[in-house]
Amino acid sequence: MSRLSQMARALLRQRALLAFIIILLLYGAYVYWRSLQNYVSTDDAYVGGHVVSMAAQVSGPVARLFVHDNDTVHAHQRLFEIDPHPYKIAVRAAQASVEQRQALLINAEAISGRTRRMAAHRFLSSQASETAQATVKADQAALAAAQAALARAQLNLAHCLVRAPTTGSLSNMRLRPGAYIQAGTPLFALIANHTYWVTANFKETALSHIAVGDRAHIHVDMYPNHLFRGKVIGISGGSGTAFSLLPPENATGNWVKVTQRVPVRILILNPSPRWPLRIATSANATVFFRRAHHH
């Protein structure tokens, strides 16, 4: 009997262990299933940032270059200077024109005053007085135009020195001293380093779970072991193909339904100089949605 009881106890222990393993597996499957209900992920994601296309506002040859490609610059830092000599000459000419117009106006006002007094005593006709007053008004308008031309010349001179509009890094910088540039022509890019986001292209079937404000985790391929925290700040109003130059037409008889992807913008909350980001690089995005969004 003792041997039978030992066998029975061993069998019970085996069954209990098997039951425990089954329960553990079921619990693990349940936890995994629940986790799938709380987030969606995609590896179709790319880093984005604010890119300023730098251009000069005046034309001329590059006289001095203060930076190089891939440099990190601060807001208002000098980038390059266009030869200012022609613009200094324009300022001096405009100043001379203002002085000339001021002298003409002073003389016209003096003549108008004398003519008005003489007309009051009937030594001159009222027509002469009106003509003198019209000359004053014309000289006033000419002085205003000269002052505007001076201000324009001074602004052009100030624009010879090009500064960084924001803090960031330079890209595609190929300027060289002596190169002639035209006003308004894009020269290089300045990538602002204070704000980055990820554009994650989620399947349309996942959008019912995602809402603005949901938290997210970002893993950039450059730094696979570093976690960037994020927050959903925008969901596109259409799929990626909707805004292409030639959007697909599905009116043909052999149309096949394809699940579309919709861009979701996720702001990176913890950018760091230790982990510098590069725009258009690949990433993985996981959005954790709140229970209230789950259907």
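Things to note:
- ALA134 satisfies every condition listed in (1) assigned by TED's automatic domain parsing to the domain that holds GLN102; (2) of a type outside the set (D, E, K, R); (3) over 29 Å from GLN100 (Cβ atoms) except (3).
Okay, residues lined up against (1) of a type outside the set (Ser, Thr, Tyr); (2) surrounded by fewer than 14 Cβ atoms within 10 Å (Cβ to Cβ); (3) out of contact with any His (no Cβ under 8 Å at 6 or more places or on another chain); (4) over 28 Å from LYS231 (Cβ atoms):
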position	(1), (2), (3), (4)
GLN14	yes, yes, yes, yes
TYR39	no, no, yes, no
VAL47	yes, no, yes, no
ALA55	yes, no, yes, yes
GLY60	yes, no, yes, yes
HIS76	yes, yes, yes, yes
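- The one condition from (1) over 20 Å from the mean Cα position of the chain (by Cα); (2) within 30 Å of PRO271 (Cα to Cα); (3) surrounded by 14 or more Cβ atoms within 10 Å (Cβ to Cβ) that ASN193 does not meet is (1).
- In a residue-by-residue description of the stretch 158-172, the property of being in contact with a helix residue (DSSP H, G or I) (Cβ under 6 Å, 6 or more places away or on another chain), assigned to a helix (DSSP H, G or I) and over 30 Å from SER282 (Cβ atoms) applies to no position.
- Test: residue in the stretch 165-174 that is modelled with pLDDT under 95, more than 23 Å from MET54 (Cβ to Cβ) and surrounded by fewer than 18 Cβ atoms within 10 Å (Cβ to Cβ): no
- Candidate set: the stretch 78-127, residues that are of a type in the set (Lys, Arg) and modelled with pLDDT of 90 or more; chosen: the one surrounded by the fewest Cβ atoms within 10 Å (Cβ to Cβ): ARG92
The values are calculated or read from the model by the stated rules, or taken from the named source; none is laboratory data. Not measured: the values here are computed from a predicted model. Heads up, the Cβs are rebuilt from the backbone with ideal geometry, glycines too, and the neighbour counts pull from every protein chain shown.
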